[in-house]
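Working notes for the structure below.
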Amino acid sequence: MAVSPLSAAPSKTNEFVVDNIIRAGVKRAFTLPGLGITWSLPAFYERRGELDVFLTRSEQVASVMAQVTGRLTGKPGLFMGQGPWVSTTGSFGIMEALFSGSPMVVLTETSDYDGFGQYGVYQTMTGDYGGADIQQSLKAITKYCTYATEPEAAVYGFQMAYKHASTPRMGPAAVIMKSTIIKQDMPASPKARLYPPEGYWTYSPAKPDPEALARLARMLGEASQPVIVSGQGVYDARIGADLQALAEKLGVAVVTSYNGKGTVDELSPVACGMLGTWGNRTANRMLSKADLVLILGASMGPDYTRFRDPDMVRPGDQKIVQVDIDPRNAGWVYPVDLAIEGDVKDVVAYLQAQNLASDKKEARQALIEQVREETGYNDPPRLEAAPGSLHHTDVVAAMQNFLGPDDVVTLDAGSNRIWNTNSLRIRHPNHILVPGGVGGMGWGGPAAAAAKLALPQKRVTCLAGDGGFLMTIDVVATCVQHNVPVVFVVSNNSGLGMVRDNMGPKKIAVDFGEVNFAKTAEGLGAAGMRVDSFSGLEDALREAHKLDGPVVVEVKVDPAASYTPAAHGGAL
């Protein structure tokens, strides 16, 4: 069938681009507009019933919200902004998308007001002398980046950016438009003929090799103590419940990567928690005891292998099977005995269909329980804090008591995150979101706002420290303006807790002055609460989620409450 050229209904570059955005199924764009993106807004206005332009207070917040939208929906989130700021403050969410494989499209421009960038003045991003080079900046942190100097190139550039962002391994893709083309009329006879985008976006995922799957099934049956590493691939495929059922049937332990935390019920009899120095010693020890390691959609990066601990993963001694949708990722960090290219969903479905059974289940399960008992998995710690304050473990315990099947939690960076990844047991698949790419401070608040927009039926709580939360506190004002009811729990220990602990007795540049986050929240139009007791925190969580709007719950955390008891840097 012949492909018809794109409809001629739009006439200008921005109108054609917006038409393609809508045809891609994008429902919301996140932005703090400036210059060329401002010139694009009239086209968005004309299609305002089909696409929501969500105004934020900073490019950093907009970029994180677009990245999280992509991760939760599986379709590229759209981040728009002026060139100088997209490539600087907005790079935060773009880098998170790159490292964590989140689909995202960045729409920006070169800020050359009169189209003559060679003067290199003011905000010019064309790469000419005296200016900055936005294409070089974004190429370094995106999967795909194109610079459009003609109207038709902007349209085709978006079509290709959406394609690259959507196909494995997913990630951020950028379209840079020369500012002066944004309001231009499309030429009557463009040099490059434009076509409907759907033909570019069609995609049939690769299926796993049947012989490799059969070999995997045999290896699972023969192994004495197999361990499954559940990673982001499992999270993104939304198959945690299926994986858990398979593991429980066979008595196979499940440990998770950082991005895979919460893919299975962490109180399941086969669950052993999250791997890594800042994960759970149960998971680390269980992996070291495996004779077969089945890696499902996890990179096996050093951050969750205790920086390549030679006693934890042992190629040659352990059989290693790695499943990944990108063949480059299987056998990336460790050599493997079997690499399977394909979606982990298809692999788990195949294993379920084989109706596997194992006479080794009882012995496997016994070792799992023994390791859990030895490492205290069933009894997360509660540590003392100074009078009038709480320990991080109190915050974990209060959240554990509070969370139910309708909750989603976002984490930020720092000591509070370490305690939550170590000790908070997520009971329902995909109910936690972590900054598992670059892991930067300030991610948790915008992530929570985006999660509430994408999952309006869920209660969303952000857990952050005072340092990270203040970096993007403007998201509270954005939630007020757009009526996004999110609860932000701020563990306020008046400093950079993780850095403070790492410095030992020679502390410098780690202590902050006092900030009243509850009053600050009220000044931004939200509700604010301050608590300094465990019962007060439990009450505040319940009351905050009853209010129709954003709430900041400030928790006074003992500055001496260290993350080090949660870290696992010692012997396995």
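Here, each number is a calculation from the coordinates, and none is a lab measurement. Bear in mind the structure is a predicted one, so any value in this text is a computation, not a measurement. All Cβ positions, even for glycine, are placed from backbone atoms using ideal geometry, and neighbour counts span all protein chains on display.
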Considering amide H positions built from the backbone, and no H for Pro or chain starts, which residues 5 or more places from V557, or on another chain, come under 5 Å of its amide H?
L390, N492, N493
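Can you tell me the dipole magnitude for the chain around its Cα centre, using point charges on the Cβ only (Lys, Arg +1; Asp, Glu -1), in Debye to the nearest 20?
That gives a dipole near 500 debye.
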Provide the net charge surrounding Y195, with neighbours chosen by a C-beta distance below 15 Å and charges set as Lys +1, Arg +1, Asp -1, Glu -1.
+1
Considering only DSSP beta bridges where both residues belong to the chain, give the percentage that are antiparallel (nearest 5).
5
Under a no-solvent Debye model with one identical scatterer per Cα of the chain, what's log10 I(q)/I(0) at q = 0.06 Å⁻¹?
-0.32
Cα long-axis angle, helix 35-46 against the chain (0 to 90 degrees, to the nearest 10)
90
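Determine the relative contact order of the chain: mean sequence separation of Cα pairs under 8 Å and six or more apart, normalised by residue count, in whole percent.
Values: 1320 pairs, mean separation 70.2, N = 572.
After rounding, I find 12 percent.
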Quick one: work out the % antiparallel among DSSP beta bridges in the range 419-572, nearest 5.
5
Once phi is turned into ³J(HN,Hα) by the Karplus curve 6.51 cos²θ - 1.76 cosθ + 1.60 with θ = phi - 60°, what whole-Hz value does each residue of the range 491-501 show in order, with x for glycine and proline?
7, 9, 10, 6, x, 8, x, 5, 5, 4, 5
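Explain nothing, just the number: relative contact order of the range 210-374, from Cα pairs under 8 Å at least 6 residues apart, as a whole percent.
Relative CO of the range 210-374 lands at 27 percent.
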Loop-resident sites, the range 182-224, for chymotrypsin sites (Phe, Trp or Tyr not before Pro), counting at most 15 other Cβ within 10 Å (DSSP):
Y203
Debye intensity ratio in log₁₀ form over the Cα atoms of the range 392-566, taken at each q of 0.08 Å⁻¹
-0.21
Over the range 392-566, calculate the relative contact order: mean separation of alpha carbon pairs under 8 Å at least 6 apart, over the residue count, as a percent.
24
Cα axis of helix 59-73 to longest principal axis of the chain: angle in degrees, 0 to 90, nearest 10?
60
Could you give each residue of the range 379-391 its phi-based ³J(HN,Hα) in whole Hz, using Karplus coefficients 6.51, -1.76, 1.60 with θ = phi - 60°, and x for Gly or Pro?
9, x, x, 10, 10, 6, 10, 5, x, x, 8, 10, 8
Counting other Cβ atoms within 10 Å, keep those with at most 11, restrict to DSSP loop, and tell me which trypsin sites (Lys or Arg not before Pro) in the range 44-73 are left.
R48
Please list, in chain and number order, the residues 5+ apart from A148 or on another chain whose amide H is under 5 Å from its amide H, with Hs placed from the backbone.
I176, M177, K178
Counting Lys and Arg as +1 and Asp and Glu as -1 over every other residue whose Cβ sits under 11 Å from the Cβ of A24, the net charge comes to +2
Ranking T13, T180, T564 by Cβ neighbours within 10 Å, fewest first, what do you get?
T564, T180, T13
Using square roots of five times the C-alpha gyration tensor eigenvalues, list the equivalent-ellipsoid semi-axes of the range 210-374 in whole Å, biggest first.
19, 19, 15
Most exposed first, judged by fewest Cβ atoms within 10 angstrom, K546, K75 run K546, K75
Pairing the Cα long axis of helix 13-23 with the longest principal axis of the chain, what angle in degrees results, from 0 to 90 and rounded to the nearest 10?
40
Looking at the range 475-553, which GluC sites (Glu not before Pro) are in a loop (DSSP not H, G, I, E or B) and have at most 14 other Cβ atoms within 10 Å?
E514
